[in-house]
Amino acid sequence: MTATVTPIFLKNVASGQAINAELLDAVEQQQLIDWVMHWLPVRDKYLHALKTAQAPAAAWPQSAHWNWVSKVVQIQGLLAHRALCVVCENVTQGMMRIDVAGKRCRIASQKGLDLVYVDYLEIAPWNWEGPYFDPPRYRGVGTVLLRAAIETSLAEGFKGRIGLHSLPQSTIFYERCGLTNCGPDPASQWKLPYFEMTPENTQAFLGKGTRQ
Amino acid sequence: MKKTMTLNLTDAEMQVLEELSAKKDLSKTALLRQALRLYQMVEVRLEKGDKLFFEDDKTKEKAEVMMLS
Amino acid sequence: MKFNISKEWCLAAAELEEGTIIGAGDLARNSGPQEFAQLTEAPPDESRIAFGQFITLARRRRQLSVEALAEATEVDIGELLAIEQHDSHFAAEPRTVYQLANYFSVSRPRLMELAGLMRPKNSAVVQEAMKFAARSVSVAELTEQEKVVLEGLVTVLTEQNGR
């Protein structure tokens, strides 16, 4: 199976310039190779740095132990799940896995309606931003993937509704994008904050893409 | 690559389909797609040996085992 | 599915990411130094350990015993055992690494680097990948995941600039 490619742009943070990139509607072997060969070494370097600096728990990226090989293998052949990724300069910059059938909305105004749930979303460690890391290489990977989830929701007839459990370090980002912060989810093992997008806020995100 | 299928439903089935579509704010096609996806997910789990339960929300008792395979 | 996303939107939306680590997923755990003790301790001579683990992984992929591999590559079985048990004080013979590289169809210079016989050029990445691959080896047969990882590593070891 070969992925459909959508041309997109990322921002090279150092130069401030736009750079060509691709949004793919599948995660294939090359992405898993990139994850092993490129993401993990940088991740380990940053984990070293966090440990050396005795960084507080809040600074440790919560997704650092994820295994994308198993996440992708789990959904092979299933209609309800899809994976997408962003590639730039031939290296995978971010990956996302979604569930289009198994979850329902929780916000009162749309309770019980279908949505696209983001199972997992992670960007490559060299794109992380924070005091313990090198300056990020590219910005825009997360917003493109989030948009892809919303566009999938629209295509399915769910009017742009999406839901996700945010990493603690990411809550500001989702709030900026206009998702509703429903607070820590008591059903989540680690009480992660649950976010949901309403159709009204979808339009704001798609139309402006600017800080609220 | 989209494939087309014609589906014959009884009056009762069509009524249920229309009611569910209205309730879920989905087109009939979208609803049937969701049903297919869920059916496959259930099949895969059952094949693995998992069981599908309904849980009584108040008592938290696992009330019923669904045997779909 | 094809999307339609404008350049202007991409660049404007990118600014929303400033200062954050973006991620989502309910299996995220509270991570900290204790959780990653394994990952953050740099083992001694990690390259040779990784070399040994690559040989183990590749051998098991072909469902060979150590004896069978020794025979097939005309390598001393004692040496092969020492390699696989990643005795970091043990230096493999160049001929042995040559034979193994040929047998598994991977780049000889790259495998030499990994075995510690050649000064690494840009092999930090290869070493880290091997380290990861080694961590995922725990059962007699390779899982689907391990197969994917191994294929990826073989791809890297055989890519053109590695000869």
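Values quoted throughout were computed directly from the atomic coordinates according to the rules given, and no laboratory measurement underlies them. Owing to the predicted nature of the structure, the values given are computational and were not obtained by experimental measurement. Methodologically, a virtual Cβ is constructed for each residue, glycine included, from the backbone with ideal geometry; neighbour enumeration extends over all protein chains shown.
How many nm is it between the label spots at C:LYS7 and C:ASN102, if each spot is 7 Å from the Cα in line with the beta carbon?
Calculated label separation equals 5.4 nm.
Could you pull out the pairs from A:LYS45/A:LYS71; A:LYS71/B:LYS3; A:LYS191/B:LYS58 whose alpha carbons sit more than 25 Å apart here? Let's see the in-between values first.
On the way: A:LYS45/A:LYS71 23 Å; A:LYS71/B:LYS3 29 Å; A:LYS191/B:LYS58 22 Å.
In this structure, A:LYS71/B:LYS3 exceed 25 Å between Cα atoms.
Would you mind ranking A:GLU122, A:GLU156 so that the residue whose beta carbon has the fewest other beta carbons within 10 Å leads the list?
A:GLU156, A:GLU122
Please list the non-local residues whose amide H lies under 5 Å from the amide H of A:LEU113, H modeled 1.01 Å from N, same-chain partners needing a gap of 5 or more.
It is A:CYS105, by chain and number.
If you project the alpha carbons of segment A:47-206 onto the principal axes, what extent comes out on each, in Å, largest first?
The Cα atoms of segment A:47-206 stretch 47, 34, 30 Å along the principal axes, largest first.
Can you give the relative contact order of chain A as a percent, counting alpha carbon pairs under 8 Å and 6+ residues apart?
Across chain A, relative contact order equals 17 percent.
Output ³J(HN,Hα) for segment C:72-77: one whole-Hz value per residue in order, computed from phi by the Karplus curve 6.51 cos²θ - 1.76 cosθ + 1.60 with θ = phi - 60°, and x for Gly and Pro.
5, 9, 6, 10, 4, 5
Counting only trypsin sites (Lys or Arg not before Pro) that are in a DSSP loop and have at most 14 other C-beta atoms within 10 Å, tell me the longest site-free stretch of chain B.
B:4-50
Exposed loop sites here are chymotrypsin sites (Phe, Trp or Tyr not before Pro) in DSSP loop states with at most 16 other C-beta atoms within 10 Å. What is the longest stretch of chain A lacking them?
With a cap of 16 other Cβ atoms within 10 Å, the longest stretch comes to A:1-131.
Counting other C-beta atoms within 10 Å, which of A:ASP99, A:ASP134 has the fewest, and how do the rest follow?
A:ASP134, A:ASP99
Between their Cα atoms, which of A:LYS103/B:LYS60; A:LYS111/A:LYS159; A:LYS159/B:LYS23; A:LYS159/B:LYS28 are more than 18 Å away from each other?
Beyond 18 Å between Cα atoms: A:LYS103/B:LYS60.
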